[in-house]
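To start, the structure under review is shown below, and the notes come after it.
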Amino acid sequence: MLEIQVLRNKSEEVIQGLEKRNIREARPTVEKILQLDEQRRNAIREADEAKQRMNQMAKSIGMLMKEGKKQEAEEAKAQTSRLKESIKEFDEKLKEIEGSIRELIITLPNVPHESVPAGKDAADNVTLYQHDVEVAFSFSPLPHWELALNHTLINWELGAKITGSGFPVYIGKGAKLQRALISFFLDMANEAGYTEVQPPLMVNEDSAFATGQLPDKDGQMYHATEDNFFLIPTAEVPITNLYRDNILAEDDLPIKNCGYTPCFRREAGSYGKDVKGLNRLHQFDKVELVQVVHPEKSYEVLEEMTNHVAGLLEALKLPYRKLILCTGDATFTSAKTYDMEVFSAGQERWLEVSSISNFETFQTNRLKLRFKNSNKKTQLAHSLNGSALALPRILAAILENNQQEDGSISVPEVLRPYTRFDHIG
């Protein structure tokens with residue numbers, strides 16, 4: 001959520017940034033918020049003045065009674081009662097204004113960092129780097145869904161019978177390969193200084209709002225209505241909420257957490273080739289990195305986290321590329337996002353496997369996550385997160401890029417200590 005003081009002090013910069021994100025109503029919305037904010041400050045000032053007069057009046061009543069001025073004391077009591085009613089009205093007015101400000105401000109996405117390119121959609125994303133690994137075949141490589149079927153690694157029909165489409169069942173070496181990837185990613189995160197946590201898989205409404213899933217992604221989350229819990233779309237949500245309503249010491253920063261969880265997404269509106277096989281699932285496994293950092297360090301940390309993800313892909317010997325998302329493709333909460341994509345040989349296309357984002361204060365403002373700086377004043381921290389990594393498309397790329405002419409699949413060397421087998425088939 002954007003900070004009200006930023007809207008006050010840098011309104012034109014905010015408007016220009018939101019317009020860069022193709023938010024047509026940016027200017028009238030910001031101007032309306034600022035008008036309401038002025039009304040709010042006036043209401044606070046009037047209430048404070050009324051309270052001051054009431055306190056002065058209350059002190060005078062006792063003196064008037066001592067002096068035997070009963071009638072004047074009664075008049076003062078009546079005036080005090082009227083002031084109390086006025087204060088009550090001011091408080092009700094203030095509550096109404098603050099509610100109106102909140103309703104408007106939560107509709108505004110984050111302001112993009114100045115380095116983020118303008119654009120309308122994914123077609124305008126910019127490729128910054130491509131790491132090529134030779135993937136050459138003397139035969140026509142199969143897509144992963146055929147390889148998985150040939151080797152009995154994944155059964156989509158069983159998943160559909162048990163739950164529905166988008167909920168695959170991993171079997172035998174397919175399940176072991178999943179577990180190997182999770183362990184490998186967690187071990188690499190541990191070596192990089194992240195503390196592993198195992199969070200709940202459901203969160204309450206406050207948690208979903210704090211990290212920006214509500215109200216923006218309301219329709220994309222599975223909702224347990226009776227308890228008003230939401231199944232997590234990513235471990236980012238519960239892990240970041242570990243620090244909600246906290247005031248940290250500056251020495252506590254940076255905070256580095258990682259966690260493995262299943263993730264649940266309705267993916268409403270998805271169709272076609274994008275949903276075939278493992279390309280887009282309703283339930284999938286992911287290892288997530290989350291950092292809470294000093295504002296002066298957050299963009300340095302964004303590069304550090306992106307390099308960590310790149311290192312995982314290089315260890316798996318997968319061809320990948322790094323993109324910066326344009327303003328039209330960035331998420332609601334992000335100030336700047338890098339996407340990492342791997343090349344899928346069987347499908348001959350690039351698949352997104354990680355998004356690494358700096359949210360600046362957008363999440364921490366909702367979280368009320370602050371720290372005491374060197375001047376002993378509290379200020380909002382910056383939050384970041386990144387997939388390291390999401391498993392389905394990584395598994396798809398491993399199967400497709402490592403298939404052999406005899407139909408077998410070679411397992412990446414870094415995973416063999418975890419799988420305890422070096423090939424499939």
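Observations, loosely collected:
- Condition met for Val353 (open to solvent by less than 10 Å² (accessible area, probe 1.4 Å), over 27 Å from Pro233 (Cβ atoms), modelled with pLDDT of 95 or more and in contact with a Ser or Thr (Cβ under 9 Å, 6 or more places away or on another chain)): no
- Flag if Ser374 is modelled with pLDDT under 95 and more than 30 Å from Trp156 (Cβ to Cβ): yes
- Gly119 vs. criteria of a type in the set (Gly, Ala, Ser), in a loop (DSSP other than H, G, I, E, B) and in contact (Cβ under 8 Å) with a residue 40 or more places away in the chain: yes
- Test result for Tyr320, open to solvent by 60 Å² or more (accessible area, probe 1.4 Å), touching a Phe, Trp or Tyr at 6+ places or on another chain (Cβ under 9 Å) and modelled with pLDDT of 95 or more: no
- Hits in the stretch 325-383 - residues which are among the acidic types (Asp, Glu) and farther than 17 Å from Ile255 by Cα: Asp329, Asp339, Glu341, Glu348, Glu352
- Candidate set from the stretch 252-280 (those that are surrounded by fewer than 16 Cβ atoms within 10 Å (Cβ to Cβ) and at pLDDT 95 or above); member that is nearest to Leu181 (Cα to Cα): Pro262
- Considering the stretch 206-219, the residues that are open to solvent by 60 Å² or more (accessible area, probe 1.4 Å) and over 13 Å from the mean Cα position of the chain (by Cα) include one that is nearest to Asn365 (Cα to Cα), namely Asp206.
- Any hit, the stretch 403-422, residues being closer than 23 Å to Asn22 by Cα, of a type in the set (D, E, K, R) and touching a Phe, Trp or Tyr at 6+ places or on another chain (Cβ under 9 Å): no
- When Ser374, Ser387 are checked against the criterion of being buried (at least 19 other Cβ atoms within 10 Å of the Cβ), touching a residue at least 60 places away in the same chain (Cβ under 8 Å) and either in a loop (DSSP other than H, G, I, E, B) or under 25 Å from the mean Cα position of the chain (by Cα) (or both), Ser387 stands alone in meeting it.
- Meets criteria (over 28 Å from Asp216 (Cα atoms) and in a helix (DSSP H, G or I)) for Ser60: yes
- Meeting the requirement of 2 or more residues that are open to solvent by less than 40 Å² (accessible area, probe 1.4 Å), the helices (runs of 4 or more DSSP H) wholly within the stretch 142-198 are 144-150, 173-191.
- Odd one out for Asn125, checked against (1) touching a strand residue (DSSP E or B) at 6+ places or on another chain (Cβ under 6 Å); (2) within 30 Å of Ser165 (Cβ to Cβ); (3) open to solvent by 70 Å² or more (accessible area, probe 1.4 Å); (4) among the polar types (S, T, N, Q): (3)
- Candidate set: the stretch 185-226, residues that are among the acidic types (Asp, Glu) and either touching a residue at least 40 places away in the same chain (Cβ under 8 Å) or touching an Asp or Glu at 6+ places or on another chain (Cβ under 9 Å) (or both); chosen: the one nearest to Leu289 (Cα to Cα): Glu196
- Taken over the stretch 220-232, the criterion of being part of a strand (DSSP E or B) and either open to solvent by 10 Å² or more (accessible area, probe 1.4 Å) or β-branched (Val, Ile, Thr) (or both) is satisfied by His223, Ala224, Phe229, Leu231.
- Some residue of the stretch 239-247 being surrounded by fewer than 16 Cβ atoms within 10 Å (Cβ to Cβ), assigned to a loop (DSSP other than H, G, I, E, B), modelled with pLDDT under 95 and within 20 Å of the chain's Cα centre (by Cα): no
The values are calculated or read from the model by the stated rules, or taken from the named source; none is laboratory data. Since we're looking at a predicted model, the values are computed, not measured. Ideal geometry is used to build each Cβ from the backbone, glycine not excepted, and the neighbour counts take in all protein chains shown. Accessible surface is based on the protein model in full, side chains and every heavy atom, while ligands, DNA and RNA are left aside. Shrake-Rupley method; radii C 1.70, N 1.55, O 1.52, S 1.80 Å.
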